[in-house]
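Q: First the structure, which I've put down as structure tokens, then a few questions once you've had a look.
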Amino acid sequence: MKMRAKRLLLMGLLTLFLAVAPAMVFADDDFQPLMGRWQRTDGGYVIEIRSIAPDGRIKAGYFNPRPINIEKAQASKDKEHIEVEMTLRDAGYPGSAYTLVYVPEKDALLGYYFHAVSGQYFDVLFVRMK
């Protein structure tokens, strides 16, 4: 399956999943569910969301297990979901990126990872670290 087709399929499945989830209405500053440490289920990758500005700019750390530079991290929201987009810029990560959606029922971040070096997309799931 071509990468573009796989990405479209993943986004379609994600949209369908979110359509059946209960609708949520967010206040202007309600990015609080994203705060904390999140570990990817297929390895030791960790996102640590430290703060989120009202405009959605995120201050975060990314670890594998050592720190990897985050070029940009941004949260956005609508009535149904909160999305996180994060672009990495470091040795071995020249423009690799995450697109994640917060799933409140699972307290998880679901989406995909774009590995810039190989040009491949990977389905990913992050769960909150306790």
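The values are calculated or read from the model by the stated rules, or taken from the named source; none is laboratory data. Since the structure is predicted, the reported quantities are computational estimates derived from the model, not experimental observations. Cβ coordinates were reconstructed from backbone atoms using ideal geometry, including for glycine residues, and neighbour counts include every protein chain displayed.
Q: Specify which of the listed residues (Ser96, Ser51, Ser118) is assigned to a loop (DSSP other than H, G, I, E, B) and modelled with pLDDT of 95 or more.
A: The match here is Ser118.
Residue by residue, here is whether (1) in contact (Cβ under 8 Å) with a residue 40 or more places away in the chain; (2) among the hydrophobic types (A, V, I, L, M, F, W, C); (3) surrounded by 19 or more Cβ atoms within 10 Å (Cβ to Cβ) holds:
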site: Arg57; (1), (2), (3): no, no, no
site: Gly61; (1), (2), (3): no, no, no
site: Arg66; (1), (2), (3): no, no, no
site: Glu71; (1), (2), (3): no, no, no
site: Val84; (1), (2), (3): yes, yes, yes
site: Ala91; (1), (2), (3): no, yes, no
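Q: Looking at (1) surrounded by fewer than 12 Cβ atoms within 10 Å (Cβ to Cβ); (2) among the acidic types (Asp, Glu); (3) in contact (Cβ under 8 Å) with a residue 40 or more places away in the chain, find the lone condition where Glu80 falls short.
A: Result: Glu80 fails condition (1) only.
Q: Moving on. How many residues does region 67-92 contain that are modelled with pLDDT of 95 or more and either more than 27 Å from Gln32 (Cβ to Cβ) or not in a loop (DSSP other than H, G, I, E, B) (or both)?
A: Result for region 67-92: 18.
Q: Being surrounded by fewer than 14 Cβ atoms within 10 Å (Cβ to Cβ) and touching a residue at least 12 places away in the same chain (Cβ under 8 Å) is the filter here, so list the residues in region 107-119 that pass it. Before you say what the answer is, go through the steps one by one.
A: Quick first cut of region 107-119, residues surrounded by fewer than 14 Cβ atoms within 10 Å (Cβ to Cβ) only: 107, 117-119.
Of everything in region 107-119, those that are surrounded by fewer than 14 Cβ atoms within 10 Å (Cβ to Cβ) and touching a residue at least 12 places away in the same chain (Cβ under 8 Å) turn out to be Asp107, Val117, Gly119.
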